[in-house]
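Trainee: Below is the structure I would like to discuss, written out as C-alpha cells.
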Amino acid sequence: MRRFTAMLCSAGGDALQQRALAGWARKHLAWNADLARRVAETAPAATVRAFDSERATTTCDVLKVRYKLRQKDVGDLVSHHPALLGYSLEHQILPALNVLDKTLRLPESLRSRLLLRVPRLLANEFDPLRDELRVALQRICHLNKQELSEVMAKLPSSGELLTSSRGRL
C-alpha cells in the first residue's frame, strides 16, 4: 500500500511539474496552451521533475544572447527538444557552447544553425552524436572531407573534461 501511495504522490508531483513547465512555456515562449501542454507531456520525466522556471529562463536567455537566437528559434528548440530545459547550464550547456565556439571555431551564423539542427549537442555528450553531427556539418558548413575530418578530430571524447586546463578550451 505504501508503494502505491508513493507512486500516486510521485505521479501527482509530476503532473504539477508538467503544469508548471506548461505555464512557464506559455508565459516565457508565448506559446498557446495546447502546444505548451503537449511539450510538457512529452518532456522526459527527469526534466519534468527537475523543472525550475528560473533555470529554464536563464538557459533560454543565454541561447538568445550568446547565439543571437530569436524568441521563435528558442521556442522551436525547446518544442523539438524539451530535455534542454533539464540540462545543467554550468555542467552541460556552457561547456558544450564553449566547444562549438572555441574548439570548432565555426562562424557565429553556422554555430547557430548547427545548434538548431542538433540541439542534443547542448547535453555535452558528443560521442553519441558524431554521425548526426558529421551530417549536419556537411549540410550546414559545406565542408570537404579533409575539413570535416579536421573538425571532427577536434571534438572531445565522452568523459573528457572540457576545461581550459586540459587545453581544449
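The values are calculated or read from the model by the stated rules, or taken from the named source; none is laboratory data. Please read all numbers here as calculations on a predicted model, not as lab measurements. Every residue, glycine as well, gets a Cβ built from its backbone with ideal geometry; the counts of neighbours run over all protein chains shown.
Trainee: In segment 108-117, is there at least one residue being outside the structural domain of Val62 (by TED's automatic domain parsing), within 19 Å of the chain's Cα centre (by Cα), part of a loop (DSSP other than H, G, I, E, B) and modelled with pLDDT of 90 or more?
Mentor: No: segment 108-117 contains no residue that is outside the structural domain of Val62 (by TED's automatic domain parsing), within 19 Å of the chain's Cα centre (by Cα), part of a loop (DSSP other than H, G, I, E, B) and modelled with pLDDT of 90 or more.
Trainee: Another question, then. May I ask you to list the residues in segment 119-133 that are surrounded by 19 or more Cβ atoms within 10 Å (Cβ to Cβ), aliphatic (A, V, I, L, M) and touching a helix residue (DSSP H, G or I) at 6+ places or on another chain (Cβ under 6 Å)?
Mentor: Leu121, Leu122
Trainee: Please work out if Thr59 is among the polar types (S, T, N, Q), surrounded by 14 or more Cβ atoms within 10 Å (Cβ to Cβ) and either touching a Pro at 6+ places or on another chain (Cβ under 6 Å) or under 20 Å from Leu155 (Cα atoms) (or both).
Mentor: Numbers: among the polar types (S, T, N, Q): yes; surrounded by 14 or more Cβ atoms within 10 Å (Cβ to Cβ): yes; either touching a Pro at 6+ places or on another chain (Cβ under 6 Å) or under 20 Å from Leu155 (Cα atoms) (or both): no.
No.
Trainee: Oh, and also: Residues in segment 37-50 that are at pLDDT 90 or above and not in a helix (DSSP H, G or I): how many?
Mentor: Going through segment 37-50 one residue at a time, the tally reaches 2.
Trainee: Would you point out which residue out of Leu84, Leu143 is touching a residue at least 12 places away in the same chain (Cβ under 8 Å) and surrounded by 13 or more Cβ atoms within 10 Å (Cβ to Cβ)? Before you say what the answer is, go through the steps one by one.
Mentor: Values: Leu143 fails: touching a residue at least 12 places away in the same chain (Cβ under 8 Å).
Among Leu84, Leu143, only Leu84 is touching a residue at least 12 places away in the same chain (Cβ under 8 Å) and surrounded by 13 or more Cβ atoms within 10 Å (Cβ to Cβ).
Trainee: So, in segment 65-76, how many residues would count as being crowded, with 19+ Cβ neighbours inside 10 Å and at pLDDT 90 or above?
Mentor: So in segment 65-76, the residues crowded, with 19+ Cβ neighbours inside 10 Å come out as 67, 69, 74-75.
Next, only the ones that are at pLDDT 90 or above stay: 69, 74-75.
Within segment 65-76, residues that are crowded, with 19+ Cβ neighbours inside 10 Å and at pLDDT 90 or above number 3.
Trainee: How many residues does segment 69-107 hold that are of a type in the set (D, E, K, R), closer than 24 Å to Leu21 by Cα and over 12 Å from the mean Cα position of the chain (by Cα)?
Mentor: Looking only at segment 69-107, we keep the residues that are of a type in the set (D, E, K, R), and these are 70, 72-73, 76, 90, 101-102, 105.
Pick out the ones that are also closer than 24 Å to Leu21 by Cα and you get 70, 72-73, 76, 90.
Subsequent filtering for residues that are over 12 Å from the mean Cα position of the chain (by Cα) retains 70, 72-73, 90.
Adding up the residues that qualify gives 4.
Trainee: Still on this structure, please answer the following. Go through the residues of segment 26-39 one by one and say whether even a single one is in contact with a Gly (Cβ under 7 Å, 6 or more places away or on another chain) and farther than 30 Å from Cys141 by Cα. Quick ask: steps written out before the conclusion?
Mentor: To start, the set of residues in segment 26-39 that are in contact with a Gly (Cβ under 7 Å, 6 or more places away or on another chain) comprises 29, 31.
Narrowing the set further to residues that are farther than 30 Å from Cys141 by Cα leaves 31.
Within segment 26-39 (the criterion being in contact with a Gly (Cβ under 7 Å, 6 or more places away or on another chain) and farther than 30 Å from Cys141 by Cα), the answer is yes, since at least one residue qualifies.
Trainee: Determine whether segment 51-74 contains at least one residue that is in contact with a Cys (Cβ under 8 Å, 6 or more places away or on another chain) and either assigned to a loop (DSSP other than H, G, I, E, B) or more than 17 Å from Asn124 (Cα to Cα) (or both).
Mentor: Going residue by residue through segment 51-74, those that are in contact with a Cys (Cβ under 8 Å, 6 or more places away or on another chain) are 74.
Next cut, either assigned to a loop (DSSP other than H, G, I, E, B) or more than 17 Å from Asn124 (Cα to Cα) (or both) only: 74.
For segment 51-74, residues in contact with a Cys (Cβ under 8 Å, 6 or more places away or on another chain) and either assigned to a loop (DSSP other than H, G, I, E, B) or more than 17 Å from Asn124 (Cα to Cα) (or both): present.
Trainee: Also, I was wondering about something else. Tell me yes or no: at least one residue of segment 4-12 is in the same structural domain as Gln71 (by TED's automatic domain parsing), modelled with pLDDT under 90 and closer than 14 Å to Leu85 by Cβ.
Mentor: Checking segment 4-12: not a single residue is in the same structural domain as Gln71 (by TED's automatic domain parsing), modelled with pLDDT under 90 and closer than 14 Å to Leu85 by Cβ.
Trainee: A follow-up question, please. Against the definition (among the aromatic types (Phe, Trp, Tyr) and touching a residue at least 40 places away in the same chain (Cβ under 8 Å)), how does Trp24 come out, yes or no? Steps first, please.
Mentor: On the way: among the aromatic types (Phe, Trp, Tyr): yes; touching a residue at least 40 places away in the same chain (Cβ under 8 Å): no.
Here the answer is no, as Trp24 does not meet what is asked.
Trainee: Filter segment 86-107 down to the residues that are in a helix (DSSP H, G or I) and either of a type in the set (A, V, I, L, M) or over 16 Å from Phe126 (Cα atoms) (or both) and list them by number. Break it down into steps so the answer makes sense when it comes.
Mentor: Going through segment 86-107, the residues in a helix (DSSP H, G or I) turn out to be 86, 89-103.
Of everything in segment 86-107, those that are in a helix (DSSP H, G or I) and either of a type in the set (A, V, I, L, M) or over 16 Å from Phe126 (Cα atoms) (or both) turn out to be Gly86, Leu89, Glu90, Ile93, Leu94, Ala96, Leu97, Val99, Leu100.
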